[in-house]
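Colleague: My questions will all concern the structure given below.
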Amino acid sequence: MEPQQHDAAPAAGRPERTSRHRLAKLGVALTLVLGGAGVALPTAQASPDTGAVPTAVRAAADNPYERGPDPTERSIEALRGPYAVSEDRVSSLSVTGFGGGTIYYPTTTSDGTFGAVAISPGFTADQSSMAWLGPRLASQGFVVFTIDTLTRMDQPAGRGDQLLAALDYLTQRSSVRNRIDSGRLAVMGHSMGGGGSLEAAKDRPSLKAAIPLTPWNLDKTWREITVPTFIVGADGDSIAPVSSHAEPFYESLPSSTDRAYMELNNATHFAPNTSNTEIAKYSISWLKRFVDDDTRYEQFLCPLPRPSLAIEEFRGNCPH
C-alpha cells in the first residue's frame, strides 16, 4: 500500500489546537443552522481511537459494491461463502465466439448486481477441469462462467478472445445479465487458458482483474497490461515451468500495475484443476479487492503472505 500522506505542519504562530477549536465552533454553527432547517444530520462518526467507521456506514458511503459480511481467514478458506448458488448450463449451439459453458451465480436478487468472471480451461481440457471454482467463487458474491473453448487445441490468443466473447454473452444475452454489473468484469484461466487471460487483459484494459493459473504462453512480456493481475505458479510445474512462464510474465508487468505472484509449494502444473485452498482464498481476495473495490480484503494481500507449507513464495506490490 502507498504511504499515507500527512498534512503540512500548522503555520508559525497558529497552533494546531487553535485550528481545531475554530473547526469545532464552525461545526456547532452548522449543526444549529442545518438542524434548525430540518436537515437530517449523520450520526455515525469515525472512532476517535482507531479512525474506523462502522461497516454499514462505510459500505453505504464509500463503496456500493461491497457484498457479504466482513471477511475472515476462515470465510475465504471455506468451501462455500455466504451466498446460495444456482447454475445455468449454456449450450455451444446458443453462443458464438466460444464453446458454451456453465454459469454459477448467487441466487439472491436483494443485494443488487454482482461482478462477473469468465474462466478458461487449459490445453486439451474442458470446463469440467475448472468446475470447482464455479460455486466456490459464486458463493462469495460473483457471477462465474466456466467456459468450453471452440476446440480443445485452441492457443492462448484464441482463448483470450473466447474469454472476452463469454463476458460479452454474460452481460448482453445470458439469462443472468440483469444480475451483472457490466463495468466490473474479470478473467481467469489455467495453462493456455492462463495465457489466454493475459491476452484478454492486454486486449481489454477495462477489465478489473486477471488471474492466470500456472499460465503458458510463448509471449513472455506483458508491459501493455494495466489490469490488476494475480499470477499463480507451481514449483513442480514441468509443463509451464515458472522460470520460463509465470515468473517472467509477472516480472514483465509494469510496476505501476497492481500485481502479485504466488508460487505454490510441492505443486504441479495441474494444481488448479482440483480444489485448492490457496488458489481460492487469494483469488477471492484479489477479485473482491479489484472487481468489487472492497478494501476489507486488503488484509489478506498486504502485508504479503509469508512462505508456508503450501506457499513457496509470494511477491507483489500491495494494492495501490
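Colleague: What does the C-alpha gyration tensor say about the overall shape of the stretch 210-320? Classify as rounded when a/c is under 1.5, otherwise prolate if a/b is larger than b/c, or oblate.
Modeller: Taking the square roots of the gyration eigenvalues as a ≥ b ≥ c, the stretch 210-320 is oblate.
Colleague: Additional query: From the convex hull of the Cα coordinates of the stretch 196-235, what is the mean projected area in square nanometres?
Modeller: Spelled out: convex hull of the Cα atoms, projected over all directions, averaged, 2.7 nm².
Colleague: In what order do Cys302, Cys318 fall by count of nearby beta-carbon atoms within 10 Å, going from fewest to most?
Modeller: Cys318, Cys302
Colleague: Local charge sum around Arg259 (other residues, Cβ-Cβ under 10 Å, Lys/Arg +1, Asp/Glu -1)?
Modeller: Charge balance in the 10 Å sphere: -1.
Colleague: Quick one: what are the phi-derived ³J(HN,Hα) couplings along the stretch 259-270, Karplus 6.51/-1.76/1.60 with θ = phi - 60°, whole Hz, x for glycine and proline?
Modeller: Using θ = phi - 60°, the values come out as 8, 8, 9, 10, 10, 6, 8, 6, 10, 10, 4, 9 Hz.
Colleague: A further question follows. How large is log10 of I(q)/I(0) for the stretch 84-316 at q = 0.14 Å⁻¹ when the intensity is taken from the Debye formula with one equal scatterer per alpha-carbon?
Modeller: So the normalised log intensities are -0.78.
Colleague: For the pair Leu309/Glu251, report the inter-label distance in nm, with labels modelled 7 Å from Cα in the Cβ direction.
Modeller: Taking the simple label geometry, Leu309 and Glu251 are separated by 3.1 nm.
Colleague: Using amide H atoms built 1.01 Å from N in the peptide plane, name the residues 5+ places from Ala209, or on other chains, whose amide H lies under 5 Å from its own.
Modeller: Amide H neighbours of Ala209: Val187.
Colleague: How far apart, in nm, are the 7 Å Cα→Cβ label points at Gln172 and Asp219?
Modeller: Placing both labels 7 Å along Cα→Cβ, they lie 2.2 nm apart.
Colleague: Each label point is 7 Å from the Cα along the Cα-to-Cβ direction; what then is the distance between the points at Thr295 and Ser94, in nm?
Modeller: Here the answer is 4.1 nm between the modelled labels.
Colleague: Among His320, His269, His245, rank each residue by its count of other Cβ atoms within 10 Å, from fewest to most, as a rough exposure measure.
Modeller: The most exposed by this proxy come first: His320, His269, His245.
Colleague: When DSSP assigns beta bridges and you keep just the ones with both residues in the stretch 84-316, what percent turn out antiparallel, to the nearest 5?
Modeller: 40 percent
Where a number appears in this text, it was derived from the coordinates with a stated rule and is not lab data. Keep in mind that this is a model prediction, so the values were computed, not measured. Backbone-built Cβ (ideal geometry, glycine too); neighbour counts: all protein chains shown.
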